[in-house]
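Q: Quick one: the structure is below, questions incoming.
The values are calculated or read from the model by the stated rules, or taken from the named source; none is laboratory data. The shown structure was predicted, so the numbers you read here are calculated from the model rather than taken from an experiment. Here Cβ is always computed from backbone atoms with ideal geometry, including for glycine, and neighbour counts include all displayed protein chains.
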Amino acid sequence: MKKLRRAPLYFAAAFILALLTVAVLFICPQTKNVSAATNDSYFTHISRYDVTMDVDASRKINITEDITVDFHRNAAMIRDIPVNAGESVKNLSINEITETGELTDVEYNVYYENYEVLRLDIGGDDLKFEEHTYRIKYDYILSSSPEGENTIALAPIGAGNVRTVYDVNVKILLPDGYKDCIAFTQKNGQKIDSFTPESTTESGRTVLTLHVDEIDAGTALRWDLNFNAGVLGYSFDITPYYFVIAIGVLFIIIILIKLLFFNKSILTPVVNFEAPDKMDPLIMGKLIDNKVNSEDITSLIFYWADKGYVKIALPDIKENPGAEPTIIRIAKELPAMSPDYEQAMYKGLFTQGDSVSPSNMAGYFAGTSLRVTKMVNERAKGLYSSMSIGISVIFALLGSIILGLAPLLIGFTVNSALVYFYSFIAVIPALVLYGLCETVAYNKLKNKKSKSILYYCLLGLAVAACAGLYTLLIPNALIPLVPKIILSGLGFAVSAFSVIIVSRTPDYTKKLNDILGFRNFIMLAEKDRLEALIDENPQIYYHVLPYAQVLGVSDKWEDKFKDLTIPPPSWAVNDFYSSYFEFTLINSMIRHSISKINTRLVMKPSSSGLSGGSGSGGRFGGFSGGGHGGGGVSFR
């Protein structure tokens, strides 16, 4: 009976449980939807966004943005301003607006991100659980019009916002000649809603205003402003051209300094039939291009052979093309009056016996070669005016410093926090160009004219390459493309061109005049004159050969004797006969021997014991929402 009495209670409880289950099934989805709709209230988001755009007919737009952020889980706001469609930003200021409406300082950083946006990182590192309003003011300058010559497309709210933007208020002041506008929201290139802004007049100017309750994340608000033909133009920023002018002034100063103070090293060679001042070919090789090459050192062997200190066994390259020459010591020591570098080389050459071949020299003679080079450089130092070198280096640095200063100082016209130091890397390639140009200038006297022209062309390409790299590294939003190309090209050209200031000392100029006079004789001597010299000295060809080698005209010297009959070299231990055929063969042997010795003479040993010796887009139709401006706001 008790169980029957309780049955209605069980039934009632089951009925109530069923009702609760049904209620949960219907109510839970609704609760979930409400949560999704109010999701932004639990995260950092923009609760109000006021934008004022003062549009000038020159496509210069003064923009003021008051952005109110309700911070929850983030510490700072990031505002990206697109600058990759021909836009630039000037006169940027960032402040916080207090509850009383006063402007106060706020912590922020400004920098370019991937050359596509100017990024404003606003706020400190402490978490905030309060509301802050920031005012961002800047001039937004347009240098292109992909939307049309008579249209300005603006995106007061960009598609880069990561959260819904609430309470949007847009005010646009227009210049005379305004025609009409179309305002709409779009996402991923698709138009969503259209709006009709309210039009009023303010101080004689047309003013458009629009209020939108909310704009979803990733959605842009775009305005296409149409004007009468001929109304719109472009503003011209002369600032980068001040640096171009400064570079041009450097060019003029370099030329004036050269003409007024360092113009006394002009060469006026007079033909000489003998090496001047009993100069040996090694020191002559140093003086002709201000460096000691392996062929300069090799020339001493043939110089000593001509003087009878050594003999050379030339290989029969017809029978054995890989054979090497053998250098045989005749004099135990060089005369006491011989220069110290000759003495050192002679002793070093024959440290392992009275005869030596190139393969024997490899490995042990490199140290001697380095010591000889050092001694020759020490003896022939001070060839150029130290003052001229110092001044030329200063101008080379000035050219690169202007390249470094231009982005830095122009960055200050954007905002004082935009400190662009990367451009000073230009100093490195500028000094490299200076060194290359100096090397080409030193070798100018030794190189053939065609070779010098080739080197100068390569230097021009190097200047262009450095300018191209500079152009790529500096954002167009900072320095527009055209003045940037001109500036970088002239800047690196100044660094290379400043080498012309480097001037020889009077004593070096005199020595070079004598050397070049001797080289002119080697290059220009006529057959009749050579025949007379052969009568006076049958060994004249071999006497001059080591000098022709270091002066880079041995081929011309050889060509002049092909039709003449001369005896074989007195220093050759082989048996030869005087004939045109054998002269050609002898010269082939000599050239082969010089090549072998040059290859082996300064080769270092295989052991190491030897020492010594010298982000998001902003393109039109992309991230900004299809118009200039926009960008977006994110948080960190």
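Q: Scan segment 382-406 residue by residue and report those that are among the polar types (S, T, N, Q) and more than 16 Å from Val432 (Cβ to Cβ).
A: Within segment 382-406, Ser385, Ser386, Ser388 meet the criteria.
Q: Same structure again: Which ones in segment 289-321 are assigned to a helix (DSSP H, G or I) and buried (at least 22 other Cβ atoms within 10 Å of the Cβ)?
A: Selection gives Asp296, Ile297, Thr298, Ser299, Leu300, Ile301, Phe302, Tyr303, Trp304, Ala305.
Q: Also: Look through Glu131, Glu116, Glu99 and report the one residue that is modelled with pLDDT under 95, acidic (Asp, Glu) and buried (at least 16 other Cβ atoms within 10 Å of the Cβ).
A: The conditions single out Glu116.
Q: Would you be able to say whether some residue in segment 183-198 is within 13 Å of Asp54 (Cα to Cα) and loosely packed, with under 12 Cβ neighbours inside 10 Å?
A: Checking segment 183-198: not a single residue is within 13 Å of Asp54 (Cα to Cα) and loosely packed, with under 12 Cβ neighbours inside 10 Å.
Q: Still on this structure, please answer the following. Those residues that are part of a strand (DSSP E or B) and closer than 18 Å to Met77 by Cα, I need them from segment 137-166; list them, please.
A: Result: Lys137, Tyr138, Pro156, Ile157, Val165, Tyr166.
Q: Let me ask something else about it. Of the conditions (1) in a helix (DSSP H, G or I); (2) at pLDDT 80 or above; (3) not β-branched (Val, Ile, Thr), Leu564 clears all except one; give me its number.
A: For Leu564, the failing item is (1).
Q: Taking the criterion of being outside any helix (DSSP H, G or I), surrounded by fewer than 16 Cβ atoms within 10 Å (Cβ to Cβ) and not hydroxyl-bearing (Ser, Thr, Tyr), would at least one residue in segment 239-260 satisfy it?
A: no
Q: Hey, another quick one. Any residue at all in segment 210-226 that's closer than 21 Å to Arg59 by Cβ and part of a loop (DSSP other than H, G, I, E, B)?
A: no
Q: Okay, moving on. Return the residues of segment 375-429 that are of a type in the set (Val, Ile, Thr), closer than 25 Å to Phe251 by Cα and touching a Pro at 6+ places or on another chain (Cβ under 9 Å); say none if nothing qualifies.
A: Ile410 - this is the single residue of segment 375-429 that is of a type in the set (Val, Ile, Thr), closer than 25 Å to Phe251 by Cα and touching a Pro at 6+ places or on another chain (Cβ under 9 Å).
Q: May I pose another question? Within segment 405-420, how many residues are surrounded by fewer than 22 Cβ atoms within 10 Å (Cβ to Cβ) and out of contact with any Gly (no Cβ under 8 Å at 6 or more places or on another chain)?
A: Going through segment 405-420 one residue at a time, the tally reaches 8.
Q: Go through segment 59-117 and report how many residues are hydroxyl-bearing (Ser, Thr, Tyr) and under 26 Å from the mean Cα position of the chain (by Cα).
A: 4
Conditions tested, residue by residue: (1) closer than 21 Å to Ile238 by Cβ; (2) at pLDDT 95 or above; (3) surrounded by 15 or more Cβ atoms within 10 Å (Cβ to Cβ); (4) not assigned by TED's automatic domain parsing to the domain that holds Val117.
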{"site": "Phe424", "(1), (2), (3), (4)": "no, no, yes, yes"}
{"site": "Glu438", "(1), (2), (3), (4)": "no, no, yes, yes"}
{"site": "Asn447", "(1), (2), (3), (4)": "no, no, yes, yes"}
{"site": "Pro475", "(1), (2), (3), (4)": "yes, no, yes, yes"}
{"site": "Ile486", "(1), (2), (3), (4)": "yes, yes, yes, yes"}
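Q: Picking from Lys171, Lys137, which residue would you name as being under 30 Å from Pro407 (Cβ atoms) and at pLDDT 95 or above?
A: Lys137
Q: Which of the residues that make up segment 249-287 are under 30 Å from Gly411 (Cβ atoms) and either basic (Lys, Arg) or touching a helix residue (DSSP H, G or I) at 6+ places or on another chain (Cβ under 7 Å) (or both)?
A: Correct list: Leu250, Phe251, Ile254.
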